[in-house]
Amino acid sequence: MSHRRRSNAGDPPPPEGTGGSSTAEASSTGEENPDLPWAWALGSERRVLALALAFRAANALLVRTYFNPDEHWQCLEVAHRIVFGYGHLTWEWKRGLRSYLHPFIFAALYKILSLLHLDSPWFMAMAPRLLQSVFASFGDLYLYKLSKLIFNNHVAQWALFSQLVNWFMFFCITRTLSNSMETVLTVTGLYYWFVAIESVQGNSVVSKQQAASKQSPPSRKMALLIAALACAIRPTSAITWLYVGLLDFIQMKSKSRFIFLEVVPLGVFVLAVTTFLDCWMYGSRVIVPLNFLKFNLFSSGGDYYGTHVFHWYFSQGFPSMIWTFLPFSISGILKSREWRLAGLIVWVLVVYSILGHKEFRFVLPVLPFMFMFSGHNLAAMAQLKGKGHNEKGRLSRLKLSVILLILTNVPMALYMSLYHQRGTEDAMLYLSREAHDGRVKSVLFLMPCHSTPYYSTLHYNLPMRFLDCTPSENKGTLDESDRFLMNPADFVGEVFGNLSSFSHIVLFESEERHVKLLLRNSFQEVKHC
């Protein structure tokens, strides 16, 4: 697809000879923008995908820490139960709040590993993240394609650089969280949406043939199908697509055709398929999106797990995720004047801010769009550098910026992925190896609930017990996890009595000293993680 540079977007002119299928009008100055040092690897979309696949595979292998329980308990644990017949289902699955669509993807992986007799402890722990790395790679590719479509190839290169270097994206995107899959689907869906709907943006000059191509129903239907899948996996993804759809719906001439011939058929089809799957797996009639929204939005059920102040996403959460890319992204928004995407980011942050329970991962789907703006700003710096606006013998602003971004993100990405909260993952890998060698009979987890992976990593069917934290309908009622943390020794004596019925106990060092007397006569430390 060929398109001219949008004069109202303030984007820098693209470089010549950068490859790819997009060409653009030359800068009025006749200057060329220098490419990234590794731009030779981005000469085509196949090369971009190959680079992303290799990078995300290494990314997945380097992620060895524990981040959020949902990575294991709401995905892999369920998938393990589907394939191998054992695995713990949390209370959400008993109330019909989760769809089986996302876990089924990893259930297929587990089935393949089982058939090939590759379901060893290492493969069971690493294969799911390696599979997710493939999906993440396509998220990188479509961020590149979307950036090239909206701006140009040069901006796309720097947007990809920003996404690959960012510490939080490295830390989170290869994890088997539904939010990671939602992020990939959101970026991919928006690319097809822009191809289908945005035939004319601002003062762009587009041929009739190109406009017809951009408005082709297949692309828009593809975008709607991907949006429906994103909403099936995470019903709150509707927040994003409501904003995107309404902006274009207002300007559409054939509104009834769009609603009744595109949105409704695709939405009903995906809802029917996922509802059939869920009813089959639950063994009863259940509409998961309705239950999910009712619990999390209308009854504020998520508040049970903690709340934050309204401005948390703006003042702490999102800035921590973007980290040192924040000033570059804000500058890119102002320079590009791409208010539509900027508005999407603000819209999502505002809506999620209304909810009391807040987490970093909830707003992960809009993080890549900040990297598009960061890429725009870095490309603008490269344009100035290409025009000789740097002094000899001194580092240019671009080089200083790149060094700053790498030094502030790469060490943090490696630390958070390799060391921070790694003990619980290592403990389960150790128990898995020991269990397969016949040295583990039963396990008790004396720590806050869902602090470790479970059967999906152990991959051995033996009795295990953890402290329950199912929300109580009676406000003020403490769960087992809270009661243990308030008075560990009394709780253990009251609930479990003789701990010798367990062969292994897993607990944090901070709680160990409180129950050391109970453990001294029957247990000895065998692994410190």
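The values are calculated or read from the model by the stated rules, or taken from the named source; none is laboratory data. Predicted model, so just to flag it, every value in this text is computed and none were measured. Note that we place each Cβ from the backbone using ideal geometry, even for glycine, and neighbour counts take in every protein chain shown. The area values use the complete protein model at the heavy-atom level, side chains included, leaving out ligands, DNA and RNA. Shrake-Rupley method; radii C 1.70, N 1.55, O 1.52, S 1.80 Å.
Looking across region 502-517, the residues that are assigned to a helix (DSSP H, G or I) and open to solvent by 80 Å² or more (accessible area, probe 1.4 Å) come down to E509, K516, L517.
Tell me the residue from R520, R433 that is basic (K, R), at pLDDT 90 or above and open to solvent by 40 Å² or more (accessible area, probe 1.4 Å), please. When all the criteria are applied, what remains is R433. Checked against (1) open to solvent by 10 Å² or more (accessible area, probe 1.4 Å); (2) modelled with pLDDT of 90 or more; (3) more than 26 Å from the chain's Cα centre (by Cα), Q215 passes all but a single condition, namely (2). Would you point out the residue of region 482-501, among those that are among the aromatic types (F, W, Y) and part of a helix (DSSP H, G or I), that is surrounded by the most Cβ atoms within 10 Å (Cβ to Cβ)? Looking at the filtered set, the residue picked out is F484.
Any idea how many residues of region 420-450 are more than 20 Å from the chain's Cα centre (by Cα) and outside any helix (DSSP H, G or I)? Adding up the residues that qualify gives 13. A search for C-beta distances below 8 Å between a residue of region 259-277 that is charged (D, E, K, R) and any residue that is modelled with pLDDT under 95, counting only pairs 6+ apart in sequence or on different chains, returns E262/P217; E262/R220; E262/K221. Is it the case that some residue within region 177-185 is surrounded by 21 or more Cβ atoms within 10 Å (Cβ to Cβ), modelled with pLDDT of 85 or more and closer than 14 Å to M370 by Cβ? Yes - at least one qualifying residue is present in region 177-185.
For region 121-150, give me the residue count where each residue is among the basic types (K, R) and out of contact with any Phe, Trp or Tyr (no Cβ under 6 Å at 6 or more places or on another chain). Break it down into steps so the answer makes sense when it comes.
Of all residues in region 121-150, those among the basic types (K, R) come to 129, 145, 148.
Next cut, out of contact with any Phe, Trp or Tyr (no Cβ under 6 Å at 6 or more places or on another chain) only: 129, 148.
The qualifying residues number 2.
The set of residues in region 393-430 that are among the aromatic types (F, W, Y) and open to solvent by 70 Å² or more (accessible area, probe 1.4 Å) comprises Y415, Y419. For region 432-439, the criterion of being closer than 26 Å to Y304 by Cα and basic (K, R) is satisfied by no residue at all.
Which residues, counting only those in region 453-481, are touching a residue at least 12 places away in the same chain (Cβ under 8 Å), assigned to a loop (DSSP other than H, G, I, E, B), of a type outside the set (A, V, I, L, M, F, W, C) and farther than 13 Å from W73 by Cβ? Even if it seems obvious, please write down each step before you answer.
As a first pass, look at region 453-481 and keep what is touching a residue at least 12 places away in the same chain (Cβ under 8 Å): 453-471, 479-481.
Applying the additional criterion that residues be assigned to a loop (DSSP other than H, G, I, E, B) yields 453-454, 459-463, 467-471, 479.
Those left that are additionally of a type outside the set (A, V, I, L, M, F, W, C): 453-454, 459-461, 463, 468, 470-471, 479.
Matches in region 453-481: H459, Y460, N461, P463, P471, D479.
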